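Novice: Quick one: the structure is below, and I'll ask about it shortly.
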């Protein structure tokens, strides 16, 4: 008879719980070993499961790494608080993004530089879209809708590219510097670049 504490954890994990454990293990491997040294075997060992379990879900380590990046991003969302003003909302959201996503982008860029594209069969643009994701767009629209409802901006007259501007600039800084964006830079983006373009009284 097998003692309870010796029951393999892999027998108890199923479905989303197992997949989350596998992706957490893959993320930890990316952080500690890097993409170049990550293998399906190393992830399986870290997750305490067999390698066949990984191959049933992902064809190769490129797909696994991309899935791990997406999983980490989605399970660590940036807070978009309602401060009562568009300026306050943007400062909080961009500051959170600049802090929370610095390590994420550093790992993602390192993976791409180390050859992530080789086995994924994706263009750089498609990898970018998968890493960034579209969940943020829904939350960004919510932020701007609140400002519209408060009468601060008129969404019907603001081009989508302008609405994306502050987030694109912070993302650019993260990709270039791979470290948290400084508060002064965020304030400059909001006060000097963005708000003058969208204010109704501007």
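Novice: Explain nothing, just the number: relative contact order of the chain, from Cα pairs under 8 Å at least 6 residues apart, as a whole percent.
Specialist: 23
Novice: I would also like to ask the following. Simple spin-label model, 7 Å along Cα-to-Cβ: residue 148 to residue 45 in nm?
Specialist: About 5.3 nm separates the two model spin labels.
Novice: Kirkwood Rh, Cα Rg: Rg to Rh for the stretch 48-192?
Specialist: That ratio is 1.04, to two decimals.
Novice: Quick one: helix 86-100 against the long Cα principal axis of the chain, what's the angle to the nearest 10°, folded into 0 to 90?
Specialist: 30
Novice: Based solely on its DSSP helices, what 222 nm [θ] is calculated for the chain when runs of n ≥ 4 H residues each add -39,500 (n - 2.57) and the sum is averaged over all residues, nearest 500 deg cm²/dmol?
Specialist: -19500 deg cm²/dmol
Novice: Between residue 123 and residue 185, what FRET efficiency comes out of the Förster formula 1/(1 + (r/R0)^6) with R0 = 41 Å and r the beta carbon distance, rounded to 0.05?
Specialist: 0.85
Novice: Taking the Cβ of each residue in 72, 55 as the centre, tally the other Cβ atoms inside 10 Å and list the residues starting with the fewest.
Specialist: Arranged by neighbour count, lowest to highest, 72, 55 become 55, 72.
Novice: For the stretch 11-71, what is the Kirkwood estimate of the hydrodynamic radius, computed as the reciprocal of the mean inverse distance between distinct Cα atoms, to one decimal in Å?
Specialist: Across the stretch 11-71, the inverse of the average 1/r is 11.1 Å.
Novice: Just to verify a number: FRET efficiency for residue 60 and residue 165, C-beta to C-beta distance, R0 = 45 Å, to 0.05?
Specialist: Approximately 0.80, to the nearest 0.05.
Novice: Sticking with this structure for a sec: At 0.36 nm per residue, minus the direct Cα-Cα distance, what do residue 109 and residue 141 gain on full extension? Give it in nm, one decimal, please.
Specialist: 8.9 nm
Novice: Next up: With a 10 Å radius around each residue's Cβ, average the other Cβ atoms per peptide and rank 154-165, 38-49, highest first.
Specialist: The densest-packed peptide leads the list: 38-49, 154-165.
Novice: Can you give me the angle between helix 15-32 and the longest principal axis of the chain, using Cα atoms only, in degrees from 0 to 90, rounded to the nearest 10?
Specialist: 80
Novice: Working from Cα positions, state the angle (0 to 90°, nearest 10) between the long axis of helix 102-113 and the longest principal axis of the chain.
Specialist: The helix 102-113 is inclined about 60 degrees to the chain.
Computed from the coordinates by the stated procedures, all read-outs in this text should not be read as laboratory data. The structure displayed is predicted, hence computed values, not measured ones. Heads up, the Cβs are rebuilt from the backbone with ideal geometry, glycines too, and the neighbour counts pull from every protein chain shown.
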